[in-house]
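The values are calculated or read from the model by the stated rules, or taken from the named source; none is laboratory data. Please read all numbers here as calculations on a predicted model, not as lab measurements. Cβ sites come from the backbone with ideal geometry, for glycine too, and all protein chains shown count toward neighbours.
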Amino acid sequence: MKPLDCFDKKNFCPGRRHFLKTAGVAGAGLMGMGITGCAGNKIQMTNIAPPLNSGKTDRITIQALPKGLGDTETIQAVQRVAEAATDFSWLSKGDVVFLKTVANSPNPYPATTSPLAIRGMTLLLLEKGAGKVIVGDKSGVMTVYHEKDDQDGSSREVMKTVGHHDAAIDSGASVHYFEEAGYDEYSGFRTVNSSHWKGELILPNILNSVDHVVLLPRVSRHILAGTTLGLKAAVGWLRDDSRLEMHRDAGSFFEKIAEINDTTVLRQKLRLTLSVATKVLSTKGPDEGYVSEPETGLVFASESLLAHDMAALGWLMWNREFETPEGELSGLNDPYTWIPSTLNRGFVWHIWGTRQWYNSESYDPVTISSVRTDPVICHAANLWGGLPNLEFEDVNGKLPEKIKGYISQKAIT
């Protein structure tokens, strides 16, 4: 497929916060401004130890889908995969479930969560006895910026544009947009393990009032983090002051991403992670890039966030290796490999201004070729006792052995 063009964001990210549209322009412009050479910049070396094997086995349920399958069939696949992944013993009649989507930009799936994942999971949860399903997210700061006395953009408008709002309402869920609840409707949450965050992470109060969380990410490359899968989707929980800390104090950028998921509330309430990945944003990301649409797409899920991301990374690597033209994998089309730190510091300047930029740190990109070289997955595994073995359940018996073998190999090398 052709690269996904950036959506016209003029109604979503006005003024100073409308970051440079493409990585090529950004890189050239930031280098021209001298952003790479600030005396206050702290050069950091990324040094995340590859994790040991935990000895555990976690299950991934997968259904292979042919390219071009209809919406109804995809929704049914979501429900079959979810039912195979968990027995829903955690769900009691009347419980409230929050479906966390990825609505970082007003660009359609796979730049954001597939609306079909929302429809399928909402209908299934209500059928299983959930008293209420709430769908929500906050868009990225280039699209929606939220301070106590200042707000640009609207997550509601973004989620209407990408189909999340209608998918929720039409399926019987309600919607919740974090910035609409108010700046003070966030609280501090601590991590289970020691962390690189300066103090508490500021997350929305609604996490205190729901019983369960189901995460619905997508599979994508990311120009700053290398990948954006389930673990990276947790950034959407952060209030924008916590997002500033993550991007500014970037010497531990990868660790901070993983550690959002180690907050006590998410460790206690996350039940299932499910991705519709019939399309993959295989370059650039998170908002635009080359859209890979293989002849065989996947829907997969796991009760283990770590296991989900191990499979998701393998699927991203498959699409990069076999489904993406070689010319799309280098230079300006895939800037993570050479200027993520420059772009991140430019991002800090563009969103939060010169003072925060001056104090921002640099970090080294990590060449991601397998699970044991993905710094976010590795740090999460180090926090949680090591990488599990993966047990695959082929829900409809149509998963090609070469895809299963490839994902399995990327999980252990």
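Here are the numbers:
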item	result
Among (1) touching a Leu at 6+ places or on another chain (Cβ under 6 Å); (2) under 25 Å from His176 (Cβ atoms); (3) touching a residue at least 60 places away in the same chain (Cβ under 8 Å); (4) surrounded by fewer than 24 Cβ atoms within 10 Å (Cβ to Cβ) - the single one Trp90 does not satisfy	(1)
Elements of type strands (runs of 3 or more DSSP E) in segment 131-214, at least 2 residues being over 21 Å from Asp240 (Cβ atoms) and modelled with pLDDT of 95 or more	132-137
Candidates Thr296, Thr324 - the one that is touching a helix residue (DSSP H, G or I) at 6+ places or on another chain (Cβ under 9 Å), of a type in the set (Ser, Thr, Tyr) and at pLDDT 95 or above	Thr296
Residue within segment 173-180 that is touching a residue at least 60 places away in the same chain (Cβ under 8 Å) and either basic (Lys, Arg) or out of contact with any strand residue (DSSP E or B) (no Cβ under 7 Å at 6 or more places or on another chain) (or both) present	no
Filtered residues of segment 70-86 (kept if in contact with a strand residue (DSSP E or B) (Cβ under 8 Å, 6 or more places away or on another chain) and either within 17 Å of Leu298 (Cβ to Cβ) or in a strand (DSSP E or B) (or both))	Glu73, Thr74, Ala77, Val78, Arg80, Val81, Ala82, Ala84, Ala85
Residue, nearest to Asp241 (Cα to Cα), within segment 116-130, restricted to residues that are in a loop (DSSP other than H, G, I, E, B) and of a type outside the set (Lys, Arg)	Ala130
Some residue of segment 263-275 being under 28 Å from Glu328 (Cα atoms), outside any loop (DSSP other than H, G, I, E, B), in contact (Cβ under 8 Å) with a residue 12 or more places away in the chain and hydrophobic (A, V, I, L, M, F, W, C)	yes
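Residues checked against (1) of a type in the set (Val, Ile, Thr); (2) more than 17 Å from Thr278 (Cα to Cα); (3) in a strand (DSSP E or B):
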| position | (1), (2), (3) |
| --- | --- |
| Val291 | yes, no, yes |
| Pro294 | no, no, no |
| Gly297 | no, no, yes |
| Ala301 | no, no, yes |
| Leu306 | no, yes, no |
| Leu313 | no, no, no |
| Trp318 | no, no, no |
| Glu321 | no, no, no |
| Tyr336 | no, yes, no |
